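No lab work stands behind these numbers, since they all come straight from the coordinates. None of these values were measured; they are calculated from a predicted model.
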Amino acid sequence: MRTLIKRGEPITFQAVQGEAGVSHSFFYTHPTLRQRIETSDGRTRPHPHPLPIPLMRTTSSSHSPRRSRG
């Protein structure tokens, strides 16, 4: 599940089964894992890489040359 989460993929029985290489019956013998998958509801987890922060707009005065003090 961690690998799927890191890649931002949905957490489903099929996805976990394929990633872990286990049979579908494996989930019935591991109720905690089964519950975690069921509660994830197949939602895609946020991608681990943060989105870029939008650049802040500057006022026109910030583009004018600075006066030297002195």
Point to revise | Along each principal axis, Cα extent of the stretch 1-43, largest first, Å | key: 26, 21, 13
Point to revise | Added length on full extension, which subtracts the Cα-Cα distance from 0.36 nm per residue, ARG7 to ARG36 | key: 8.7 nm
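Can you tell me, using C-alpha contacts under 8 Å and at least 6 residues apart, the relative contact order of the stretch 1-43 as a whole percent? Could you put the intermediate results ahead of the total?
Values: 28 pairs, mean separation 18.5, N = 43.
Result for the stretch 1-43 is 43 percent.
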